[in-house]
Every structure is written in C-alpha cells, then in structure tokens.
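Below is one structure; the comments refer to it alone.
Every number here is computed from the coordinates shown, using simple stated rules; none is lab data. Computed from a predicted structure; not experimentally measured. We place every Cβ from the backbone using ideal geometry, glycine too, and count neighbours over all the protein chains shown.
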Amino acid sequence: MDDFDIELDEMELVAAAAGYHYYTTITRQPARSLSPKGSGFMTEVLDGHDDLCREMFRMDKHVFQKLSNTLRQRGMLRDTAGVMIEEQLAIFLNIVGHNERNRVIQERFQHSGETISRHFNNVLKAVKSLSREFLQMPPLTTPSEIVKNQNFPQVPEGKYYLVDLGYDNMNGFIAPYEGVRYHLHEYRGANLLPRNAKELFNHRHSSLTNVIRRSFNILKERFPILKLAPQYAFHTQRDIVIAACVIHNHIRREEKNDWLFNSIEGGMTEESCGLDEQPDLQSPFSIHEQMASSRRDSIAAAMWNDFMNKWDEW
C-alpha cells in the first residue's frame with residue numbers, strides 16, 4: 001500500500017467522523033418540542049388552538065375569561081406582583097383538572113411550592129364563595145327535628161332514594177320492579193313503549209338514575225381529582241367538590257354546547273341496575289317492605305293513569 005492509499009483511507013475516516021458528528025449534534029431534532037413554561041405557557045394556551053385550552057383548563061377560552069373577569073370584578077381575587085388572576089385560576093384548574101401534584105405545577109408555571117399552594121387555596125375559596133349563586137338548593141320543607149337529627153338516613157316524608165334491585169324496597173327507598181325491562185335502550189322505538197304501569201315505572205326510574213350517573217360522570221371526567229381522594233385535609237376535599245360543581249354550572253351557563261357535555265351525553269353507556277341479581281326469595285317480606293311495595297304500586301298506577309291520558313305526547 002503506497003502513501004497515497006494511506007492518505008485516502010485517513011481522509012475517509014475523517015469524513016466519516018465529521019458526518020457522524022454532524023448527524024448526531026446538528027441535524028438531529030428533539031423527539032418532541034418542549035412546551036413553554038411560566039408566562040409563556042399562559043400565552044400558548046390562551047393564544048393557541050381551542051383544543052389546548054380545553055385540555056389544560058378544562059373549558060373553552062371565552063368561558064375561562066368570563067370566570068376570570070367575574071373573580072376580578074367582584075374582588076374575590078386580585079392580581080399580585082408576579083401572578084395575574086388568569087394564571088392563578090389556571091394553576092387551580094391544572095391541579096383539579098389533571099390531579100397534578102404541586103411539584104409538577106411548580107415546573108409548569110415556574111413558581112415556588114408555597115406560591116402554588118397559596119394561589120390554589122385562594123382560588124378554591126373564591127370559587128366556593130360563588131356557590132350560593134351557582135348551586136341552588138331545593139326548598140327546605142323538611143321538619144326541623146329531622147334536619148337536626150344526625151342519625152342518617154332520615155328520609156323526609158314523601159321523599160325517596162332511587163336504589164338498585166340489590167337494595168330492599170322499603171320506606172324512603174324505591175327499587176325498580178324485578179323481571180320487568182328497565183334500561184332506556186329497551187324502550188326505544190315506536191313498538192317498544194311501556195305497556196303497563198310496572199314498565200312505565202321502571203322506564204322513569206331508569207331515566208332519573210341515568211341523569212344522576214351522567215352528572216357524576218361529567219364531573220369526574222372534567223375534574224379527575226374527584227376520582228380519587230386527594231392528599232388534602234378533609235375540609236379542603238369537601239371544598240374541592242363544591243368548587244367543581246360551581247365551575248360545572250358556570251360552564252353550563254356560558255357554553256350550552258360544551259365539548260365535554262356533548263361527548264359524555266352522546267356516548268354514555270347505561271350501567272347495570274342490578275336487575276340480573278337474584279334476591280333472597282327465602283326471606284319473607286317484612287311489614288315495612290310490604291308497605292313500601294304498596295306505595296310503589298300506587299306511584300306506578302298514578303304514573304300510568306297520567307301516561308294513558310297523555311299517550312299521544314310520548
């Protein structure tokens with residue numbers, strides 16, 4: 001091998017090394033772009049695509065701005081030297097909307113753990129203070145002696161809990177009829193209308209329980225922190241539930257076609273009501289169960305009579 005060949009080999013090695021260096025340090029792109037942090041994060045969300053705001057703040061942009069303005073105009077929150085009200089609210093929504101831990105929020109918003117905790121608690125208190133406006137309680141017609149009685153449950157006269165078939169049908173608790181079609185999809189279609197009082201009762205029982213389940217499903221889907229007991233004091237856990245309901249109703253008021261309402265209501269599957277369970281047929285009905293069954297029959301009969309009088313409106 002002459003000197004020319006050796007020189008050529010050395011040049012090839014140098015070229016290969018240079019090419020490898022260029023490929024690995026200059027042209028290689030990161031697997032994913034890093035999201036901006038701090039004020040840049042707020043700018044990206046509020047000026048970016050609508051879906052990003054829905055994902056990070058759990059609501060549309062105009063709904064977020066309306067809530068921020070309400071808290072500012074009513075003096076429930078105030079801007080600080082380093083954190084505007086919008087960012088304070090965003091911190092809170094990131095925590096309850098993603099069940100994020102303090103250290104994750106510190107990194108995202110570039111604030112200390114103390115600052116994150118302080119603004120979380122301030123926003124929680126402010127949103128909870130809106131509960132009298134956004135959470136309307138039913139008229140209190142319960143006798144005072146029952147209201148003051150701490151032995152739960154004390155169901156007021158004429159009021160009932162809707163329960164699954166696995167529960168006893170007793171005073172204050174109404175279960176559906178066994179052996180009678182129950183789920184809403186079993187009544188869809190012109191030829192599948194209720195044919196008697198028991199079927200009508202079960203259909204309406206199913207409709208009401210479905211509304212309750214859907215409401216809880218929407219809350220948990222929007223605020224995953226509700227799915228698991230967070231590591232907060234009990235009174236804070238309680239206030240988080242109240243605040244979530246306030247924000248839920250604020251969104252319902254400001255955006256009738258909210259993306260999450262539509263997706264949950266359109267795709268929710270019905271849950272079992274325990275109709276496949278076999279009750280203990282060996283146990284005779286108690287007098288209380290007999291009275292409760294008679295009361296259920298009376299309610300079903302009244303529903304059926306009203307239904308027959310308005311059958312063409314079904």
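Suppose R0 equals 35 Å. What FRET efficiency, 1/(1 + (r/R0)^6) with r the Cβ-Cβ distance, do GLU133 and GLU221 give to the nearest 0.05?
Using R0 = 35 Å, I get an efficiency of 0.90.
Can you give the percent of C-alpha pairs in segment 39-129 whose distance is more than 20 Å?
28
Each label point is 7 Å from the Cα along the Cα-to-Cβ direction; what then is the distance between the points at GLN73 and ASP168, in nm?
5.4
So if R0 is 45 Å, what FRET efficiency would MET303 and ALA81 give, r being the distance between their Cβ atoms, rounded to the nearest 0.05?
The calculated FRET efficiency here is 0.15.
Residues with beta-carbon under 14 Å from that of GLU107, excluding GLU107: net charge, scoring Lys, Arg +1 and Asp, Glu -1?
+3
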